[in-house]
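Accompanying notes for the structure given below.
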Amino acid sequence: MTAGRITELAVTKSKTVKAGEREEWIRVEYSVKAAIEADEEVSVAKAKIEGLIDGWLSSVSKPVSTVEKRNVFPEELAGMLTFEDAGEWLIVKPKGFLSAENFAKIADIVKLLGGEYVAAGKNRHFKLPKAAAE
């Protein structure tokens, strides 16, 4: 029996972390599909996709204290954001346009920290509870 030619490769990886002191766990999962031109490209494509996903997952960590929250974003993302102290909340705003990929990365981190995205027109932002991980 002859194996058919591989035309598509799908790679899925995930990371699960405990959300603070609660019993809740959060799982972040990424899947990437790639079209394959030749069978020889399969292992190269797999390695590239795994490296890409590993980079995304490396920013996923356990919730941290308020002081450290600003440092939880990878340097390339932190440079795109401003941080404001708003009483019980830490407000995180983009300095400019965020690509869909960067928005998703930031949203995943915010969710892990117990925060949320607030769609408020021009005043849209992410908010993180200061006491969520303390």
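Every read-out reported here was derived from the displayed coordinates using simple, explicitly stated rules and does not represent laboratory data. What you see is a predicted model, and the numbers here were worked out from it, not measured in a lab. Here the Cβ is made from the backbone with ideal geometry for all residues, glycine too, and neighbour counts use every protein chain on show.
List of remarks:
- When only alpha carbons are used to place a centre, the range 103-128 and the range 74-95 end up 10 Å from one another.
- Exposure proxy ranking, count of Cβ atoms within 10 Å, fewest first, for Tyr30, Tyr117: Tyr117, Tyr30
- Given their separation in residues at 0.36 nm each and the Cα-Cα distance between them, Leu98 and Lys13 gain 28.2 nm when the chain is fully extended.
- Each distinct pair of alpha carbons in the range 95-134 adds a 1/r term; the inverse of their mean, the Kirkwood radius, is 10.9 Å.
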